[in-house]
Every structure is written in structure tokens, then in C-alpha cells.
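The values are calculated or read from the model by the stated rules, or taken from the named source; none is laboratory data. None of these values were measured; they are calculated from a predicted model. Backbone-built Cβ (ideal geometry, glycine too); neighbour counts: all protein chains shown. Please note that ligands, DNA and RNA were not included when accessible areas were found on the heavy atoms of the full protein model with its side chains. Shrake-Rupley method; radii C 1.70, N 1.55, O 1.52, S 1.80 Å.
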Amino acid sequence: MKNEKKSYIIFNNIKMALLSILWKRDKSIVILGAWFGEKFADNTRYLYQYLSDNKKEFGLTHVVWVTRNKKVNQMLTKNGYESYMMDSKESVYYHKKAYFHIICNGSGDMYHDGDLLGKYSYGAKRINLWHGNGNKRTGWLSNNHIRSMQNKNIKIMLYKWLNTKCYLYRNLCTLPGGWENRYLVSTSNAMKDVFMKSFNIPNDKIILSGYARNCPCPHLFSNEVMILEHMKKYKHTVLYLPTFRQDDSFSVHDVSIALQKYILKNNILLIQKKHSVDKMNELTFGSGTNIINLDKNFDINVLLPHVDLLITDYSSVMSDALYHEKKIVFYVPDFEHYKNGANGLIFNSEDVMCGPFVFNVNQLEYEVDKCLNEKEYGKSKNYTEAKKMYWPKEYSLRDIWLDICTQVEKRGR
């Protein structure tokens with residue numbers, strides 16, 4: 001069965017690579033998408049809005065967003081943006097014409113939808129802006145993969161070698177559209193090393209630059225403005241964002257239950273959101289006065305610069321909070337389980353998780369109160385060093401776009 005799948009991928013990749021010879025790429029066209037076509041969010045959203053506003057400066061005629069979400073498409077077209085449904089004829093046309101194909105998550109494969117229609121990416125410059133710096137192991141760097149490599153499976157080792165060293169293999173034998181041979185944006189040398197190991201990606205495919213989502217958002221939508229205005233009614237705003245769990249071996253408690261009396265008494269707004277790809281059903285958020293449960297597709301990056309405190313566990317949002325110099329409480333009752341589980345942690349937790357650790361729900365109110373009301377409390381001694389490790393330099397949206405264009409053109413294919 002696996003051989004049949006591999007043969008199917010190779011056959012279709014060769015077919016699409018040959019067809020792409022007929023697609024004349026236009027340097028004035030850029031196409032972008034995000035989060036498997038469901039969200040208008042993250043690094044691609046910010047870059048898309050910036051490029052849409054500055055087409056003339058950069059010699060662009062079409063900056064196109066594609067989506068599988070009808071609400072997203074309607075919202076964008078209503079606000080004057082160029083957007084199409086993913087499988088529409090307009091989308092396919094611009095997939096074939098665009099010089100840059102830009103995503104922030106996945107390109108898709110024969111079983112999963114991607115941010116774009118990845119099969120049409122041959123001949124385009126494929127850019128993955130990615131969606132987070134953090135301390136969570138993924139891909140080839142995950143605990144599960146490292147354990148499998150301990151057996152020195154010769155097939156895995158051969159695949160890893162081919163995936164790094166052989167251009168044709170990367171381009172034709174893995175992901176549709178040659179997306180295994182994409183460029184990936186890294187914000188620092190430390191994260192560059194992590195990404196190269198996590199995704200088995202060669203050095204010349206890493207672009208050093210910034211994350212667009214950490215820049216001021218070019219344009220907000222009415223639902224985002226409404227929440228930002230609502231936040232002004234409260235003394236403090238706390239944001240709770242747990243990462244996803246891949247199995248049901250642990251259930252994260254609902255912090256709104258533990259904090260309900262506290263936030264009411266102290267005029268605090270609690271905003272919380274499940275991870276959009278969480279496979280667990282146990283985490284059910286409470287509701288009530290002073291609590292907002294965000295839709296799974298809401299772009300939390302527009303709120304993060306304006307909150308007073310982040311509560312999270314192992315989510316990469318922790319590094320974005322460091323960028324914006326926010327205090328963080330790490331609610332990690334499954335710390336040992338997670339550290340030794342399927343994913344694991346990349347760095348020494350004390351070096352990069354720069355805030356108080358909470359191991360049970362009874363400690364939460366105490367730590368939240370201390371962080372909100374004591375200026376010197378909540379940022380560990382390594383806070384500044386951790387921020388510099390993830391974010392050694394600040395970038396504007398213009399800087400990021402010019403970095404992408406310059407580094408891609410310099411390196412060629």
C-alpha cells in the first residue's frame with residue numbers, strides 16, 4: 001500500500017512538473033493562503049494585507065488570497081481584497097500564474113488539504129513563513145522520531161539522506177508541487193538550527209528574517225475591533241491559549257472555572273481559545289461574565305500586543321509573548337508527561353519558559369494575581385536572553401518582503 005501511495009505521488013508530480021512548463025509565471029502576481037484554507041490569520045495574513053496596500057511600490061498587479069472558508073472569502077471581498085474560493089477557476093488560474101506561492105502551515109498532500117493547491121506550485125517560488133517559534137519538538141526532532149531512529153532503520157536513514165541531499169528526490173518524490181523543496185523563514189540562527197533538524201531541510205533553503213504577525217496589523221476587521229474596544233472596559237486582560245494534544249492521555253483543565261470568582265471580583269477579562277487542530281474533546285471552555293471564548297479561526301495575533309498576561313503551556317505563542325514583552329504563566333500540570341511524550345521540548349525549560357510554572361489549578365489564581373499586580377514579578381532572569389534567542393532583530397513588513405525577494409532570487413531554484 002505504501003509503495004502504491006509513493007508511486008501515485010511520483011507519477012502525479014512528474015505530470016504536474018511537465019505541465020508547469022506551459023504555465024508562464026508572472027513576477028507581478030503573488031498568491032497566499034493559511035491554515036489549510038480555513039483561516040485568515042497568521043504571518044501570511046499580515047504579509048497579504050501589506051502587499052495588497054503596496055502593490056505599486058513592489059510592481060505587483062495581483063495579490064491573491066485563496067480559502068476554503070466561504071465566510072473568509074466574503075469578508076475579504078467585501079473589504080476590497082482579491083480573494084477566491086480554493087477550487088474556483090480563478091484560484092486555479094492564479095495558482096498557475098503566480099511567481100510566489102506563500103503559506104504559513106502546510107502545502108497539503110494526497111490525503112490532507114493545504115494552505116494552497118500545492119500541486120500547482122511547480123515553477124513558482126515556494127515560501128513557507130511558518131507559524132511559530134517555540135519549545136515544542138516537531139517532525140524529525142520529535143521524541144517519537146528520535147526513538148524510531150534508535151533502531152537505525154535503514155529505510156528511514158536513506159529517506160533522510162535523500163531528502164536533504166537529492167534535489168530531484170525532494171522535488172518529485174515527496175510532497176505535491178515540489179513543496180518539500182520550499183524555502184522556510186526562520187527568525188534567528190537558533191531557530192534555523194531547529195528547523196533544519198525538525199524538517200530535514202538544507203541550509204540554503206532557510207530565509208533569515210522576521211515574523212510578519214509581530215508587526216502592527218495593517219487592517220483590522222469589525223469583530224477584531226469590537227473585542228479590542230471591549231478590552232478597554234476592564235482593568236486587565238488575560239489570554240489563555242493551550243497548545244494541541246495529539247492523544248487523550250491527558251486533559252487540560254478549564255482555567256475559567258478556577259479563575260471565575262477572581263476575574264469577576266477584580267474586573268479582569270479572560271479571553272480563551274482552543275487550538276484549531278486540537279484532537280481532544282475533553283477541553284470544554286466555560287462561559288459567563290468577563291469571559292470571551294474565541295472562534296477557532298480568530299487571529300489571536302491582533303490581540304496579543306494588547307493583553308496584560310498570557311497563560312499557556314507549550315504553545316509557540318510563548319515566544320510571541322516574549323517579543324511583545326508580556327508576562328507569561330505556564331500552566332503545565334502534565335509537564336513530565338509532555339516532556340517525555342510524543343513531542344517533547346527542544347530547549348531547557350528554565351532557559352526559555354520565562355515565567356512561573358503552575359502544576360495544579362489551585363495555584364493559578366495566586367500566580368495570575370502576582371503577575372498582574374506586582375511589577376517585578378513574573379519575568380524570570382532569563383527573559384531578555386530568551387527574547388534575543390528567538391527575536392535577535394526587529395523587522396518591518398517591508399523588511400520581511402524584501403528579505404524574501406532578495407534571498408530567493410540570490411539562491412535560484
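Calculate one ³J(HN,Hα) per residue across the stretch 46-52 by plugging θ = phi - 60° into the Karplus curve 6.51 cos²θ - 1.76 cosθ + 1.60, and present them in order as whole Hz with x for glycine and proline.
My calculation for the stretch 46-52 gives 5, 5, 4, 5, 5, 5, 4 Hz in order.
Please list, by residue number, every one of the trypsin sites (Lys or Arg not before Pro) in the stretch 318-382 that is coil in DSSP and has at most 11 other beta-carbon atoms within 10 Å.
Lys375, Lys381
What's the carbon and sulfur percent of the chain's accessible surface, probe 1.4 angstrom, rounded to a whole number? Don't jump to the answer; show the numbers that get you there.
Numbers: 10090 of 19210 Å².
Whole-percent figure for carbon plus sulfur exposure: 53.
Considering only Met226, Met353, Met318, give the residue with the highest GNM mean-square fluctuation for the chain, with springs between Cα atoms whenever their separation is below 10 Å.
It is Met226.
Can you work out ³J(HN,Hα) from phi for every residue in the stretch 201-212, in order, using Karplus 6.51 cos²θ - 1.76 cosθ + 1.60 and θ = phi - 60°, giving whole Hz and x for Gly and Pro?
Once rounded to whole Hz, the list reads 10, x, 4, 6, 9, 9, 9, 7, 6, x, 9, 4.
Just Ala190, Ala386, Ala34 to compare: in a GNM of the chain, with alpha carbon springs under 10 Å, which one fluctuates most?
Ala190
For the chain, what is the Kirkwood hydrodynamic radius in Å, using each pair of distinct C-alpha atoms? Don't skip to the answer; put the middle values down first.
Numbers: mean 1/r = 0.0445 Å⁻¹.
Mean inverse Cα-Cα distance, inverted, gives 22.5 Å.
Just tell me the longest site-free run in the chain, where the sites are GluC sites (Glu not before Pro) in a DSSP loop having at most 10 other beta-carbon atoms within 10 Å.
1-373
In whole angstrom, how far apart do the alpha carbon centroids of the stretch 189-241 and the stretch 65-89 sit?
The stretch 189-241 and the stretch 65-89 have Cα centres separated by 22 Å.
For the chain, what does -39500 (n - 2.57) per DSSP helix run (n ≥ 4), summed and divided by total residues, give at 222 nm, in deg cm²/dmol to the nearest 500?
-11000 deg cm²/dmol, from helical runs alone.
Have a look at Leu304, Leu158, Leu259 and tell me which one the Gaussian network model of the chain (Cα, springs below 10 Å) gives the largest fluctuation.
Leu158
On alpha carbon coordinates alone, what is the Rg over Rh value for the stretch 183-235, Rh being the Kirkwood radius?
Numbers: Rg = 17.5 Å, Rh = 13.8 Å.
That ratio equals 1.27.
Collect residues whose amide H, placed 1.01 Å from N in the peptide plane, falls under 5 Å from the amide H of Tyr240; neighbours closer than 5 in sequence don't count.
Those qualifying (amide H under 5 Å, at least 5 residues apart or on another chain) are Ile271, Gln272, Lys273, Ile311.
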